[in-house]
Structure formats: C-alpha cells, structure tokens
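The values are calculated or read from the model by the stated rules, or taken from the named source; none is laboratory data. All of these numbers come straight from a predicted model, not from anything done at the bench. Reconstructed Cβ throughout: ideal geometry from the backbone, glycine too, with neighbour counts over all protein chains shown.
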C-alpha cells in the first residue's frame, strides 16, 4: 500500500521549468512482492513531471 514499507527515497531538485529534465537515481533495499507505490512529499502545488520511470534489477 502507499503506507507500506519504505524501500527507498530520493530528493528531486528543482530544474526551473517543465521542459528541463534531470535524471535521479536511488537504490531500493529490502524485498517485497506486489504493486510498487510511488509516494511524493514536500512542497505544495505541482511537485513533479515524471517523463519516464525505469526499475532495474
């Protein structure tokens, strides 16, 4: 669930605009099965514009 075990976190810096992208990475720890939920926190208003999410093993 969205309130389940935290497997990783990453800070996403402001890029200054919706068409200015930046790659960020983090390592997931532990193990889990089932759906993966992304939870966004911080700030107010529009936080992120995610173009692509890649998970590798």
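Taking only pairs six or more apart or across chains, which ones have beta-carbon atoms under 7 Å, a first residue in segment 44-57 that is closer than 14 Å to residue 12 by Cβ, and a second residue that is surrounded by 10 or more Cβ atoms within 10 Å (Cβ to Cβ) and modelled with pLDDT of 85 or more?
That search, which allows pairs on different chains as well, returns 48/12; 51/21.
Identify the residue in segment 18-39 that is under 16 Å from the mean Cα position of the chain (by Cα) and over 13 Å from residue 6 (Cβ atoms) and, among all such residues, is surrounded by the most Cβ atoms within 10 Å (Cβ to Cβ). Lay out the reasoning, then the answer.
Of the residues in segment 18-39, the ones under 16 Å from the mean Cα position of the chain (by Cα) are 21-29, 35-39.
In the following step, the residues that additionally are over 13 Å from residue 6 (Cβ atoms) were identified as 21-25, 35.
Details: 21: 11, 22: 8, 23: 7, 24: 8, 25: 8, 35: 8.
Selected residue: 21.
So the check is Cβ under 7 Å with 6+ separation or different chains; which pairs have a first residue in segment 25-40 that's at positive phi and touching a residue at least 12 places away in the same chain (Cβ under 8 Å) and a second one that's part of a loop (DSSP other than H, G, I, E, B) and surrounded by fewer than 10 Cβ atoms within 10 Å (Cβ to Cβ)?
Correct list of pairs: 30/5.
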